[in-house]
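Just below is one structure, and these are the notes that go with it.
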Protein chains: 2
Amino acid sequence: MKKVKIALLGLGNVGRGVWMILNSNKEEIMKRSGYEVEIAKILVRDKNKKRSVEVPDEIITTDFDEILEDDSIKIVVEVMGGMEPSKRYMLRCMDKKKHIVTANKMLIANAGDELFEKADEMGVMFQYEASVAGGIPIIKGIDESLTANKIEKLYGIVNGTTNYILSKMELEGADFDDVLKEAQEKGYAEADPTSDIEAFDAQYKLAILASLAFGSKIDVDNIYREGITKIEAVDMKYAKEFKMGIKLLAIAKENNGKIELRVHPTMISKKHPLSNIYDSFNAVFIKGNAVGDLMFYGRGAGDLPTGSAVVGDIVTIVRNGVDAENSNPVVKNNLWKREILSMEDIESKYYVRATVVDEPGVLSKITSILGKNNVSLRSVIQKGDEENGNVTIVLVTHKTNEKELNNSIKEIAELKSVYKINNIIRIEDLE
Amino acid sequence: MKKVKIALLGLGNVGRGVWMILNSNKEEIMKRSGYEVEIAKILVRDKNKKRSVEVPDEIITTDFDEILEDDSIKIVVEVMGGMEPSKRYMLRCMDKKKHIVTANKMLIANAGDELFEKADEMGVMFQYEASVAGGIPIIKGIDESLTANKIEKLYGIVNGTTNYILSKMELEGADFDDVLKEAQEKGYAEADPTSDIEAFDAQYKLAILASLAFGSKIDVDNIYREGITKIEAVDMKYAKEFKMGIKLLAIAKENNGKIELRVHPTMISKKHPLSNIYDSFNAVFIKGNAVGDLMFYGRGAGDLPTGSAVVGDIVTIVRNGVDAENSNPVVKNNLWKREILSMEDIESKYYVRATVVDEPGVLSKITSILGKNNVSLRSVIQKGDEENGNVTIVLVTHKTNEKELNNSIKEIAELKSVYKINNIIRIEDLE
């Protein structure tokens with residue numbers, strides 16, 4: 001059996017998964033790749049840290065150069081995360097003709113360009129399936145299987161933590177704060193949950209998916225982002241009344257030559273399969289002009305699911321021949337120049353929940369402002385609250401322009417009889 | 001722009017899809033592959049047949065040798081279907097170092113071996129994504145993305161016609177015969193629907209999927225097969241009472257070193273995502289020991305979805321370099337020798353519906369036979385029919401051995417007070 005030596009940069013959650021899979025599924029990987037894959041070195045920060053996997057001392061190192069200078073190591077697997085030193089390490093490894101596998105969404109989203117170009121320049125393979133949606137093969141799916149398509153729409157539930165929280169809120173009527181606390185106790189949410197609940201994580205992932213789907217470099221900062229902290233139990237309740245659910249969706253759409261890019265809580269019909277993705281599962285829904293509707297569903301995080309994607313990438317490289325020049329270009333985000341549609345110009349339906357004073361004529365004032373701004377209503381719910389004498393008004397609009405909606409909301413908020421605009425949630429017609 | 005010439009064998013439904021995609025998505029395909037893909041020749045049986053796409057006369061031919069002997073044609077796309085002459089044509093094209101793309105499930109399921117070996121021998125690429133589940137990239141999914149996994153279970157809804165029929169029966173309470181007739185009128189079912197409704201089509205597809213998933217040659221005839229013709233509206237009604245749905249599932253499971261392979265109508269919990277795949281959609285659910293639960297969902301048939309898979313395969317070949325020797329082996333169904341578990345030895349839960357005479361003690365006789373055969377019951381429904389004086393008994397068993405279930409049924413059927421065993425449907429626990 002031929003052998004190939006690889007090195008891991010990092011031995012955290014994903015690194016442990018890779019180690020476990022390469023050991024427990026050794027035979028599968030050998031037979032399928034034709035090679036024995038040996039982890040020759042693992043770079044860690046602290047040699048003495050207690051770990052949940054037993055790794056021989058002699059392969060653990062704190063010295064990156066030991067890996068860089070070892071010409072017998074053909075593939076370097078970056079599972080440290082973060083921007084630096086990950087990026088510098090990868091660039092230097094590629095200079096030494098080592099192939100790269102990475103799970104680093106932040107780095108690919110922000111500096112994919114530079115890494116892809118280096119890979120092309122050096123003729124090495126650069127695989128990053130694990131950077132989006134864990135074990136779901138969505139990168140290869142778009143990059144290799146859907147090449148015949150103009151991709152029209154992509155909707156992703158790509159953050160497990162927020163989907164877990166929203167699922168609990170939907171299915172159990174729970175409050176955001178309570179579910180977040182429970183998720184943190186169970187280890188499903190980080191002590192500092194900002195990256196998940198404020199949708200930075202989903203924003204990175206959308207940048208990666210959209211740049212592949214539309215063959216165009218996407219600047220992360222050009223993606224509109226809105227987290228889930230403002231979603232309340234009562235919004236879930238109203239969504240249910242409208243036969244909808246609320247999901248944090250990463251949305252990329254072709255729109256008259258431009259592209260729409262946004263991540264925000266979204267009301268979607270309970271009839272659409274995405275609305276039934278619960279718990280910490282991820283799913284990506286794609287509409288291509290040839291393939292039609294397509295959905296991928298699975299575990300978006302965790303040591304083994306993410307490790308599955310990493311090891312799959314290792315096998316891809318090994319099968320291609322570790323000593324072969326990679327003839328398949330890695331840079332694929334410069335095929336077109338796509339302009340990003342400004343958020344003001346998007347069209348959507350909207351759910352608006354407001355608290356108003358219980359007096360005659362309020363609804364009439366509100367609907368008159370909407371009408372003036374060309375916002376037409378699909379449904380209105382008005383519910384009095386006996387306790388505090390306030391009234392809740394819930395509006396669902398027909399499709400309208402976001403700027404006109406915003407103008408209306410601004411005017412409505414200034415009405416004396418309007419106590420508060422509690423929430424505005426976009427509604428997406430997935431048909 | 002570099003150019004690559006290809007030929008189509010056949011210009012039916014799928015061939016038309018390939019033609020349309022290569023024309024309408026020309027720019028996407030050029031940018032993503034780096035090549036202009038030109039259809040240089042199309043083999044048809046009858047030059048004068050009226051077609052729904054406009055194809056220049058000069059590229060249409062009835063002479064296979066024109067394609068075979070043209071060294072400028074690097075890729076041959078077989079979309080004729082059937083065993084012969086498809087197989088002979090492909091073998092001869094590979095002898096001439098032409099790469100192959102095919103959508104032919106029957107041929108891959110029955111003679112994949114011989115074709116794969118020829119591809120390896122000649123160093124050409126052989127792609128068959130379109131042979132299973134149309135546009136869903138399930139072949140590449142298993143073959144390239146899940147290589148790190150021991151695949152434990154695979155459940156597929158891989159036949160659109162039967163899923164359409166069962167969906168109508170479930171959602172509208174319709175009868176099998178009525179829905180089949182309607183499906184035939186709408187063109188969703190063939191005039192002779194045998195291949196679909198008797199599950200031959202699903203059997204071929206399972207042979208292909210299982211042989212990849214388990215790395216072992218699967219003989220189509222070793223797959224247990226049962227169609228959907230016996231499903232009645234009343235069975236759907238009872239399934240609903242048990243919070244289940246009925247799907248035609250293609251099942252492949254690892255079971256103590258052996259594998260279970262079967263295609264049959266199956267009751268599954270409405271909580272599982274597969275139970276919500278409606279209409280003519282396909283879906284494949286996989287459980288891997290690293291990736292966990294994974295599901296692919298999309299259009300399993302149709303000119304454009306299937307064409308999407310075919311053209312995706314063409315791009316794969318082009319990117320790899322049409323003049324390059326393929327170093328990635330095509331034969332992957334000889335990695336292990338897996339024994340097929342006999343149907344008598346499988347374990348399942350069962351739904352049994354019987355019509356019995358309305359007299360005391362019948363249920364007691366039935367349950368006593370079941371008990372004697374180690375079949376224990378989870379639930380029993382007994383319902384009298386005022387009109388004909390008969391009684392319907394519906395039994396749901398706990399997990400039991402199929403042989404013991406069959407022995408019981410045989411004994412029960414012989415009871416004088418049992419008028420008829422109307423139906424037996426396996427229930428699959430997908431967790």
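Computed values, structure above
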item: Residue within the range B:382-391 that is more than 25 Å from B:Met236 (Cβ to Cβ) and open to solvent by 70 Å² or more (accessible area, probe 1.4 Å) present; result: no
item: Members of the range B:64-84 found to be touching a strand residue (DSSP E or B) at 6+ places or on another chain (Cβ under 8 Å) and either open to solvent by 60 Å² or more (accessible area, probe 1.4 Å) or within 15 Å of B:Leu22 (Cβ to Cβ) (or both), listed by number; result: B:Glu66, B:Ile73, B:Lys74, B:Ile75, B:Val76, B:Val77, B:Val79, B:Met80
item: Lone unmet requirement of (1) touching an Asp or Glu at 6+ places or on another chain (Cβ under 8 Å); (2) surrounded by 19 or more Cβ atoms within 10 Å (Cβ to Cβ) for A:Val356; result: (1)
item: Failed item, numbered, when B:Leu171 is tested on (1) on the phi > 0 side of the Ramachandran plot; (2) surrounded by fewer than 16 Cβ atoms within 10 Å (Cβ to Cβ); (3) in contact with a Phe, Trp or Tyr (Cβ under 8 Å, 6 or more places away or on another chain); result: (1)
item: Leading residue by the ranking (farthest from the chain's Cα centre (by Cα)) among those in the range A:381-431 that are among the charged types (D, E, K, R) and part of a strand (DSSP E or B); result: A:Lys383
item: Answer residue from the range B:228-240, given it is part of a loop (DSSP other than H, G, I, E, B) and open to solvent by 10 Å² or more (accessible area, probe 1.4 Å) and is farthest from A:Glu27 (Cα to Cα) among those; result: B:Glu232
item: Options B:Ile108, B:Ile67; residue that is in contact with a Phe, Trp or Tyr (Cβ under 7 Å, 6 or more places away or on another chain) and of a type in the set (A, V, I, L, M, F, W, C); result: B:Ile108
item: Search result, residues across the range A:362-381 that are open to solvent by less than 60 Å² (accessible area, probe 1.4 Å), free of Cβ contacts under 8 Å to residues at least 40 places away in the same chain and over 24 Å from A:Glu260 (Cβ atoms); result: A:Leu363, A:Thr367, A:Gly371
item: Looking only at the range A:392-404, and only at residues there that are β-branched (Val, Ile, Thr) and out of contact with any helix residue (DSSP H, G or I) (no Cβ under 6 Å at 6 or more places or on another chain), the one that is most open to solvent (accessible area, probe 1.4 Å); result: A:Thr392
item: Qualifying positions in the range A:330-345 - of a type in the set (A, V, I, L, M) and either more than 29 Å from A:Glu28 (Cβ to Cβ) or facing chain B (nearest Cβ under 10 Å) (or both); result: A:Val331, A:Leu335, A:Ile340, A:Leu341, A:Met343
item: The range A:142-154 - residue that is within 29 Å of A:Met83 (Cα to Cα) and buried (at least 24 other Cβ atoms within 10 Å of the Cβ) and, of those, nearest to the other protein chains (Cβ to nearest Cβ); result: A:Ile142
item: Selection within the range A:62-85 - part of a helix (DSSP H, G or I) and either touching a residue at least 40 places away in the same chain (Cβ under 8 Å) or within 28 Å of A:Gly300 (Cα to Cα) (or both); result: A:Phe64, A:Ile67
item: Selection count, the range B:241-269, where residues are within 14 Å of chain A (Cβ to nearest Cβ), surrounded by fewer than 22 Cβ atoms within 10 Å (Cβ to Cβ) and at pLDDT 95 or above; result: 2
item: Output for the range A:408-431, where each listed residue is over 17 Å from A:Val362 (Cα atoms) and open to solvent by 70 Å² or more (accessible area, probe 1.4 Å); result: A:Asp429, A:Glu431
item: Count - residues of the range B:273-291 that are more than 19 Å from the chain's Cα centre (by Cα) and surrounded by fewer than 24 Cβ atoms within 10 Å (Cβ to Cβ); result: 1
item: Every residue from the range A:203-220 that is over 10 Å from A:Ala109 (Cα atoms), out of contact with any strand residue (DSSP E or B) (no Cβ under 7 Å at 6 or more places or on another chain) and not in a helix (DSSP H, G or I); result: A:Gly215, A:Ser216
item: Residue in the range A:88-100 that is within 14 Å of chain B (Cβ to nearest Cβ) and part of a loop (DSSP other than H, G, I, E, B) present; result: no
item: Subset tally (residues that are open to solvent by 20 Å² or more (accessible area, probe 1.4 Å) and in contact (Cβ under 8 Å) with a residue 40 or more places away in the chain) for the range A:86-117; result: 7
item: Selection count where residues are among the hydroxyl-bearing types (Ser, Thr, Tyr), facing chain B (nearest Cβ under 7 Å) and surrounded by 24 or more Cβ atoms within 10 Å (Cβ to Cβ), scope the range A:293-329; result: 2
item: Looking only at the range B:13-61, and only at residues there that are part of a helix (DSSP H, G or I) and among the basic types (Lys, Arg), the one that is farthest from A:Lys150 (Cα to Cα); result: B:Arg16
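The values are calculated or read from the model by the stated rules, or taken from the named source; none is laboratory data. This is a predicted model, so every value here is computed, not measured. Positions of Cβ are backbone-derived with ideal geometry, glycine not excepted, and every protein chain shown enters the neighbour counts. When the accessible area is computed, the model is the full protein with side chains, heavy atoms only, and any ligands, DNA or RNA have been set aside. Shrake-Rupley method; radii C 1.70, N 1.55, O 1.52, S 1.80 Å.
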